[in-house]
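The values are calculated or read from the model by the stated rules, or taken from the named source; none is laboratory data. All of these numbers come straight from a predicted model, not from anything done at the bench. When we count neighbours, we look across all protein chains shown, and the Cβ atoms used for this are built from the backbone with ideal geometry, even at glycine. Just so you know, the surface numbers come from the protein's heavy atoms only, side chains and all, with ligands and any DNA or RNA stripped out. Shrake-Rupley method; radii C 1.70, N 1.55, O 1.52, S 1.80 Å.
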Amino acid sequence: MTPTQPALSRRWSGFEELHALQRERIGTALCQAAHSPFYRDRFRLRQGGTMPGSLADVPVTTKDDLRAAYPFGMLAVPRERVATYHESSGSSGRATSSFCTEDDWVDIGERFNRMPAGIGPADTLLVRIPYAMVLAGHIGHFGARAKGATVVPADSRSFATPYGRVVRLLHDLGTTLTWSNPTEPLIWAAAARAAGLDPRTDFPHLRALLVCGEPLSEARRERLAELWDAAVIEDYGATEVGPLASACRHGRRHFYADRVVPEVLDPATGEITPDGTGDLVITPLYREAMPLLRYNLEDTVRLSHEPCPCGSWLPVIRLAGRATQAFDVAGRQVSQLQLEELVFRLPAAYGVLFWRARAEARRLVAEVEVADAYAADACAELAAAVRARLGVDCAVAPVPPGTLMPDEVLSAPGDVLKSRSLFGPDEDWSRGLLYY
Ligand SMILES: [Zn+2]
């Protein structure tokens, strides 16, 4: 495998040139895949089989294939070349392994920095995404470090960084950028207020919220931007391969097809095409440690090669989400994204940040956190909007602020205890070896 860095600086203009660039690289990606036990077995290389000459002859790799290959079946480099090891556990609970070399991190970090945030040495990026096992936290960390920015490794699944501490870090360090899922900045806003701060005016250095990992409606995106007076930039990626696409200033999400070949699988026919609607199937072109060929991410997308006023020659991807996120209510499919769009279209003055809903057979039941003064209007308007837009009945009840997001979570102190074995005569020794 040639080092990835030189090729990463290539430029192209036009989709033909992009496809030529993909074809140039695909041979290397196929060769690299032949080093992993999984693809060696798949193509029976030990029995005299040969690797396919082009991607068109390669069958789909599934999430089950990855699970079955745990722990080293997908590894295509000697162990001493592996820089980091990651795992993701899908809905089945079975782990899938993921490996990265140093060069893989160059590719992943560079893709992170394609988000139009203009990250540089003067920036301070707060990473508020898990570091444990999955790629996501490290992606922001590596990307920002590659640009010389200061990284604040705040994690999001750690006892060390409750929300009160996050607000302090955002405020006192003059944090300019954050990397998190889009629910986090909603919670920070509530935590900032609990600390006596106004998210819109007391964080003047914060210029962009970089978000990923959750479906985000346009209404919630706009509300976040308004709450923090900051840009909201969304990254689309996958835990197995890192960042895959981000939106340009014209709101079109461009897929990084110079690094990862996207294709679309029609689940009904099994046919794979370069454009169209279906399951997104990807082939990373620069992955060393864990090559994947036509890997099915099981995300339903629409992919199209269309010119964009921004001048990008990367295909546009539109996400339809995962089918499991919709529920049947009185014969209509209702998704969280659709409901979210309506919740965050309520007037900002109502102050609704947190809500939940349950899909019953014949109706939706929802609760929104809202102050008394706006409770009647908020509930009536949301129920009417759900009826009008989604065609189902929705019983909306107000709950007092602090119900769905408890005050103690917003203001808990950030101290983490260390393990101890010796205690004073009056101390509680029941949690001596635990960290909290
Ligand atoms: Zn564009």
Neighbour net charge for residue 261 - beta-carbon separation under 10 angstrom, K R +1, D E -1:
+2
To the nearest 10 degrees, the tilt of helix 372-390 (Cα long axis) against the first principal axis of the alpha carbons of the chain is 40 degrees
Can you give the % of DSSP beta bridges in the chain that are antiparallel, to the nearest 5?
65 percent
Surrounding charge for residue 198, neighbours by C-beta under 13 angstrom, Lys/Arg +1, Asp/Glu -1, total -1
Accessible area of segment 15-322 with a 1.4 Å probe: how many percent of it is carbon plus sulfur?
52 percent
With Cα coordinates, the longest principal axis of the chain makes an angle with the long axis of helix 163-172, in degrees rounded to 10, of 80 degrees
Phi-derived 3J(HN,Hα) across segment 329-338 with the Karplus relation (6.51, -1.76, 1.60, θ = phi - 60°), rounded Hz, x for Gly and Pro, is 10, 6, x, 10, 7, 10, 10, 4, 4, 5
Please grab the % of Cα pairs in the chain that end up more than 30 Å from each other.
50 percent
How big, in percent, is the set of alpha carbon pairs in segment 324-404 lying more than 16 Å apart?
44 percent
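What is the calculated FRET efficiency for residue 277 to residue 57, with r their C-beta to C-beta distance and R₀ = 30 Å, to the nearest 0.05?
Working: r = 24 Å, r/R0 = 0.79.
Approximately 0.80, to the nearest 0.05.
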Tilt, helix 218-228 to longest principal axis of the chain (alpha-carbon atoms), in degrees rounded to tens, equals 60 degrees
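On full extension of the chain, what length is gained from residue 218 through residue 408, given 0.36 nm per residue of separation minus the C-alpha to C-alpha distance? Walk me through the intermediate numbers first.
Working: separation 190, 0.36 × 190 = 68.40 nm, distance 3.00 nm.
That works out to 65.4 nm of additional length.
Give me the accessible area per residue for the chain, probe 1.4 Å, as a whole number in Å².
With all protein chains present, the chain gives 47 Å² per residue.
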